[in-house]
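The values are calculated or read from the model by the stated rules, or taken from the named source; none is laboratory data. None of the values given here were measured: they were computed from a predicted structure. No Cβ is skipped: glycine too gets one built from the backbone with ideal geometry, and neighbour counts run over all protein chains shown.
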Amino acid sequence: MSTPGTLHPPPPAPDLPATGTAPAPRRRKRRRTWRQAVRRDWQLYSLAVLPLLFFLIFRYLPMLGNVIAFRRFEPGGSIFGERWVGLRYVRMFLNDPSFWEAFTNTLVLGALTLLFCFPLPIVLALLLNEIRTRKLKQFVQSVSYLPHFLSIVIVAAMVMQLVSVDGTVNQLVQAAGGEPVPFLQRPEWFRTIYVSSEVWQTVGWGTILYLAALTTVDDNLYEAARIDGANRWRQTWHVTLPGIRPTMVTLLILNIGTFMAVGFEKILLLYNPLTYPTADVISTYLFRMGFGSSNFSYAAAIGLFEAVIGLTLVLSANLIARRTVGTSLW
Amino acid sequence: MVTTGTRQAPPRPRPRPRGSRVSRGYRVFQAVNAVILTGVVVVTLYPFVNIVARSLSDEAYIIAGQVSLVPRGFNLETYRLVMSDSMFWTNYRNTVVYTVVATVIAIVLTTCYAYVLSKKHLRGRSALVGIAVFTMFFSGGLIPNYVLVTSLGMKNTIWAIAVPNAINVFNLLVMKAFFESLPVELEEAAAVDGLNTYGILLRIVLPLSKAVAATMVLFYAVSFWNSWFAAFLYLDQQDLWPVTVYLRNLIAGATGAENVGAIAEADEVQAEATLKAVTIVLTTLPILLVYPFVQRYFVSGVMLGAVKG
């Protein structure tokens with residue numbers, strides 16, 4: 001899977017993806033085989049034309065569009081901006097306390113999400129795996145997958161109802177003798193609300209791959225462990241967990257990759273000016289900068305910063321995983 | 001072969017320790033496990049029950065904080081109110097139209113590209129795969145995308161919803177993995193019989209791929225059905241909105257990003273409690289109704305993707 005070089009736009013024509021594979025001396029020979037390949041497979045290449053156009057226009061062109069982070073952009077003007085302004089917008093956000101607040105919130109929410117939403121599916125999958133009754137297991141699985149299929153708007157709406165002043169959570173608070181709390185207006189509660197709703201929505205669905213991996217663990221290993229006197233707990237620790245380690249590592253890398261993009265849509269739906277101190281993340285901040293204050297260049301500079309960090313995180317997580325446990329995405 | 005995509009391997013529980021060897025610790029564990037999993041089921045289902053109860057209750061009981069599992073002061077008045085709102089139905093119809101159009105575009109593009117990528121002999125194949133996979137880890141970001149879609153004149157059209165998200169790379173890889181698992185001999189025989197590439201794809205490969213195609217249709221359809229942000233960003237006119245944006249604007253009254261005076265309006269917001277509950281129920285209902293029938297296709301789709309994800 002060759003990714004280097006694709007930061008720049010991929011080759012213009014679909015049938016000539018010459019992403020620097022050929023060293024100069026062998027050029028003639030390469031070109032001949034390319035011609036043969038095109039002659040033989042032109043119908044296949046033609047099928048790739050529309051999808052490639054899609055990728056070029058809607059994925060790679062916006063990457064180039066990020067140059068407006070370094071250029072002055074005027075609405076209605078060129079999508080690549082009007083004139084160079086250098087690092088002005090980068091300096092601007094680096095000196096912007098609101099940006100750093102959003103940055104901190106992103107790290108905290110990302111870390112909390114990772115802390116809960118990564119291990120809990122593993123635990124749930126292990127527990128599900130211990131159910132003997134097949135029907136019962138399927139029922140629990142079906143129920144726990146359900147929230148995954150709801151629109152984020154519906155999830156946010158449900159959260160709002162549950163934590164509203166007259167909602168279930170406040171009914172419990174009052175039953176325990178407390179005063180009702182307007183949770184969504186309280187910055188100190190936002191993280192709890194956000195992470196709980198993430199757990200509710202994602203943990204069940206997250207078990208699928210682990211459950212599949214669990215069925216591939218060799219029964220003989222359990223047999224051997226039992227003969228060696230391992231109880232069920234030790235069997236889980238020494239046989240089951242190592243058996244699903246590749247799945248764990250892969251999903252961890254993917255989770256780390258989305259670390260910076262923490263629940264943009266959900267936060268946009270759940271936060272309000274009162275909870276900005278804990279809820280505002282980089283993506284929501286740049287959304288407000290772009291669409292609230294119409295400062296597109298400034299917002300694009302922040303977005304580029306976020307995307308570069310995200311990419312760096314995935315690449316380093318992948319590298320570390322390959323070096324240490326020998327599992328990687330590519 | 002045809003059904004490869006539809007069924008997961010039957011779950012194989014770990015062998016139970018036999019007869020007298022069932023230790024007391026294990027029995028305690030089973031009991032605790034049952035309690036935990038019951039808890040999971042209850043916690044997952046409770047919000048649904050609660051919202052239905054609220055939607056059927058009298059406003060006064062909700063404000064008093066007395067509605068949890070069962071409706072209090074049962075009435076259907078709010079349902080009548082919401083269902084007589086013509087904008088609600090207009091937006092619902094938009095959701096259906098957007099979902100169908102966007103899914104068709106997505107399926108065509110994804111199938112074509114996945115088929116090309118599945119041909120191992122093809123020159124430049126790894127570059128073509130790389131072009132797609134790289135976009136999973138790096139994207140242009142919100143602002144450049146918005147500027148692009150706007151300057152293409154797609155604002156306030158269905159294309160702003162359907163086109164920019166036409167290929168999901170995860171789905172693409174699932175389909176590619178499936179095509180790769182098909183026996184090459186079939187296609188070779190078809191080629192000998194004089195079918196060209198398009199003919200092979202349409203008459204040989206696709207009929208064998210009904211299961212995976214169905215899964216892909218579901219994946220895309222659900223994601224377009226549920227999407228709201230693209231519509232929120234690109235559609236300014238109320239009669240173009242999908243129902244998710246309708247719901248979003250209803251709930252935004254309480255804590256929406258734009259509503260700074262949320263607290264001042266608290267009283268008014270309370271009066272809408274049933275209205276929100278009813279709208280939530282009505283937008284969730286279609287998903288709940290089809291969920292039991294389509295769930296296993298989703299599971300198998302994820303499995304298929306995991307093989308080579």
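A few points about this structure:
- Hey, residue B:57 closer than 30 Å to residue B:235 by Cβ and either modelled with pLDDT of 85 or more or assigned by TED's automatic domain parsing to the domain that holds residue B:227 (or both) or not: no
- Set side by side, the residues A:112, A:94, A:124 differ, and just one is surrounded by fewer than 21 Cβ atoms within 10 Å (Cβ to Cβ) and either within 30 Å of residue A:203 (Cβ to Cβ) or of a type outside the set (A, V, I, L, M, F, W, C) (or both), which is A:112.
- Among (1) at negative phi; (2) more than 18 Å from the chain's Cα centre (by Cα), the one test that residue A:326 misses: (1)
- Candidates A:47, A:64, filtered to the one that is facing another protein chain (nearest Cβ under 9 Å) and touching a Cys at 6+ places or on another chain (Cβ under 7 Å): A:47
- The residues on offer are B:31, B:60, and the sole one that is loosely packed, with under 13 Cβ neighbours inside 10 Å, in a helix (DSSP H, G or I), away from chain A (no Cβ under 11 Å) and more than 28 Å from the chain's Cα centre (by Cα) is B:31.
- Selected residue (criterion: nearest to the other protein chains (Cβ to nearest Cβ)) from residues of the range B:145-180 that are of a type in the set (D, E, K, R) and assigned to a helix (DSSP H, G or I): B:176
- From B:116, B:70, B:101, B:41, residue being crowded, with 18+ Cβ neighbours inside 10 Å and touching a helix residue (DSSP H, G or I) at 6+ places or on another chain (Cβ under 8 Å): B:116
- Residue that is modelled with the highest pLDDT, among those in the range B:209-230 that are among the small types (Gly, Ala, Ser) and surrounded by 23 or more Cβ atoms within 10 Å (Cβ to Cβ): B:227
- Here the range A:204-225 is the region considered, the condition is being small (Gly, Ala, Ser) and free of Cβ contacts under 8 Å to residues at least 60 places away in the same chain, and the residue that is nearest to residue A:238 (Cα to Cα) is A:225.
- Unique residue being farther than 30 Å from residue B:231 by Cα, in contact with a helix residue (DSSP H, G or I) (Cβ under 8 Å, 6 or more places away or on another chain) and crowded, with 20+ Cβ neighbours inside 10 Å when the list is B:177, B:190: B:177
- Any pair with Cβ under 6 angstrom, 6 or more apart, that starts in the range A:131-159 at a residue that is at the interface with chain B (Cβ under 8 Å from one of its Cβ atoms) and in contact (Cβ under 8 Å) with a residue 60 or more places away in the chain and ends at one that is part of a loop (DSSP other than H, G, I, E, B) and surrounded by fewer than 17 Cβ atoms within 10 Å (Cβ to Cβ): none
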